[in-house]
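To start, the structure under review is shown below, and the notes come after it.
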Amino acid sequence: MDILITEELATAAVEHLKKSHNVVCDGSLWKNVEKLKGLLAEARALMVRNQTLVTADLLAAAPKLIVVGRLGVGLDNIDVEAASKLGIVVVAPLDANAVSVAELTLGLILALARKIPLADRSTKAGGWDRKGCMGIELEGKTLAICGFGRIGRLVAARARAFGLRLLVFDPFVDQNASVLLETGAVWCPRLEAALADADFVTTHSPLTKATRHLFNARTFSAMKRGAFFINTSRGGVMDEAALLAALRSGHLSGAALDVQEVEPPQTKTGFETMDNVILLPHIGAATAEAQTRTFETVAADIDRLLRAEAAVNFVNFARPGR
Ligand code: NAD
């Protein structure tokens, strides 16, 4: 077997791979670790989305594996360090869906500011509630961006066109970085400094040990009263119970979440009954363009590696060490 695919993939994409490779595709494999381990004994390439947990244990069952292709950006479901130790290349299309996520983020900011989902629901239900749908303008308001990488920067460029003042918190961005000057964003040395002044807070950091529950009771309470919180990064970056409490107490005016701590949620979280919360099923990268770019980028690198060429979009090294 050349390529093992463990999650749902468009049929056309699988057929494309099958033209030149021996492919096994089972969209439910990620749920069955033992079966997955059995198949991994023969696989040279593994292709996953965000559901398959590519742990050191799983990789240990894959003696022939030379590449893990991640069809997406977040690497929190892949033990890259373990892959590196085994000489396995990890490839990910890091630029493929940034525009889609940034555009969705702006959509959510606008939807919160103008109560678009509420207005839509109530009008379809026969109402004409113009008073209940009173919103606010973006112009002159302040947006805090936590995590100023690919997506955070695209959000900044777009937000600027709406006349939003920009504050940035990112411990790995130099306060004199030219990208800050280009977007007119003000660098904040501490997260709380950005939160205290912002009408909207959007998070674009990866999920790491340091960012898990970065948004918690303390940081939510550091946000300005009446502010909005937008999360299109990872559910684990926020403490959902703390967010719920901040919304219920009226400290925050609303939230828009493309991601949740457990996806799909296995129990009711409390957000689903709140009119001031927008919930999406992790669709940041769900655009035709992003999906095509993602698949083509990962497939091209897997193809290169299977032909003993170097990968282009690697996150550890370009050629397998085994
Ligand atoms: P990126 O690596 O380009 O940028 C992440 C930024 O976060 C970096 O600048 C980094 O310095 C910063 N950062 C790291 N630790 C931080 C901390 N403790 N506090 C604040 N900032 C910190 O990544 P990106 O392409 O911009 O993507 C960001 C995240 O968005 C991804 O890790 C992924 O989890 C998420 N994402 C979600 C979707 C979706 O469908 N909703 C799609 C793509 C990516």
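Would you please classify the overall shape of the chain from the alpha carbon gyration tensor, given that a ≥ b ≥ c denote the square roots of the eigenvalues, rounded means a/c under 1.5, and beyond that prolate means a/b larger than b/c while oblate covers the rest? It comes out prolate by the Cα gyration axes. Taken about its Cα centre, the stretch 168-255 carries a charge dipole of about 360 debye when Lys and Arg each add +1 at the Cβ and Asp and Glu each add -1 at the Cβ.
Extension gain for the segment F172 to K19, taken as residue separation times 0.36 nm less the Cα-Cα distance, is 50.8 nm to one decimal. With respect to the chain, whose longest principal axis is taken over its alpha-carbon atoms, helix 288-306 is tilted by about 30°. Just going by the charge dipole of the chain, with Lys and Arg at +1 and Asp and Glu at -1 on Cβ, which of Q51, G132, A111 is farthest out on the positive end? Of the options given, the answer is G132. Take every DSSP beta bridge whose two residues both sit in the chain; close to 5 percent of them are antiparallel. Simple point charges give the picture: +1 on the Cβ of Lys and Arg, -1 on the Cβ of Asp and Glu, and for the stretch 98-279 a dipole about the Cα centre of about 240 debye.
Here the ratio of the Cα radius of gyration of the stretch 98-279 to 2.2 N^0.38 Å is 1.00. Cross-link partners of K19 among lysines, defined as those whose alpha carbon lies under 24 angstrom from its own and excluding same-chain residues fewer than eight positions apart: K64. Packing order of peptides 155-163, 7-15, highest average first: 155-163, 7-15 (average count of other Cβ atoms within 10 Å over each peptide's residues). Counting only lysines at least 8 places from K141 when in the same chain, those with an alpha carbon closer than 27 Å to its own are K115, K131, K224. Short-range pairs are left out: with C-alpha atoms under 8 Å and at least six residues apart, the relative contact order of the chain is 18 percent. Across the stretch 151-162, computed HN-Hα scalar couplings (Karplus, 6.51 cos²θ - 1.76 cosθ + 1.60, θ = phi - 60°) run 6, x, 5, 5, 4, 4, 4, 6, 5, 4, 5, 8 Hz from first to last residue, x flagging Gly and Pro.
Annotation: amide H-H contacts under 5 Å for V90 (H modelled 1.01 Å from N, sequence separation of 5 or more, or interchain): V68, V315, N316, F317. Evaluating 6.51 cos²θ - 1.76 cosθ + 1.60 at θ = phi - 60° for every residue in the stretch 116-126, the Karplus couplings come out as 4, x, 5, 4, 5, 4, 6, 5, 5, 7, x Hz, glycine and proline recorded as x. The phi torsions of the stretch 246-252, fed into the Karplus equation with coefficients 6.51, -1.76 and 1.60 and a -60° offset, translate into couplings of 5, 6, 5, 6, x, 5, 9 Hz, rounded to whole numbers, with Gly and Pro shown as x. Helical content of the chain, expressed as a calculated mean residue ellipticity at 222 nm, amounts to -10000 deg cm²/dmol (DSSP H runs of 4 or more residues, -39,500 (n - 2.57) each, divided by residue number, nearest 500). Whole-percent P(r), the stretch 34-163, all Cα pairs, 5 Å bins from 0: 2, 9, 15, 13, 10, 9, 9, 9, 8, 7, 5, 3, 1. In this structure, the amide hydrogen of I5, modeled 1.01 Å from its nitrogen in the peptide plane, lies closer than 5 angstrom to those of V24, C25, D26, M47, counting only residues at least 5 positions away or on a different chain.
Taking amide hydrogens as placed 1.01 Å from N in the peptide plane, the amide H of V168 sits under 5 Å from those of I145, V186, W187, C188, each at least 5 positions away in sequence or on another chain.
Our note on the geometry: Cα centres of the stretch 185-215 and the stretch 1-28, 39 Å apart. When you restrict to C-alpha pairs under 8 Å that are six or more residues apart and normalise by the size of the stretch 170-304, the relative contact order lands at 18 percent. The peptide list 291-301, 42-52, 65-75, put in order of mean Cβ contacts within 10 Å with the highest first, becomes 65-75, 42-52, 291-301.
Any read-out appearing in this document is the output of simple, stated calculations on the displayed coordinates, not a laboratory observation. Just so it is clear, the structure is predicted and the values come from calculations on it, not from any experiment. Here Cβ is always computed from backbone atoms with ideal geometry, including for glycine, and neighbour counts include all displayed protein chains.
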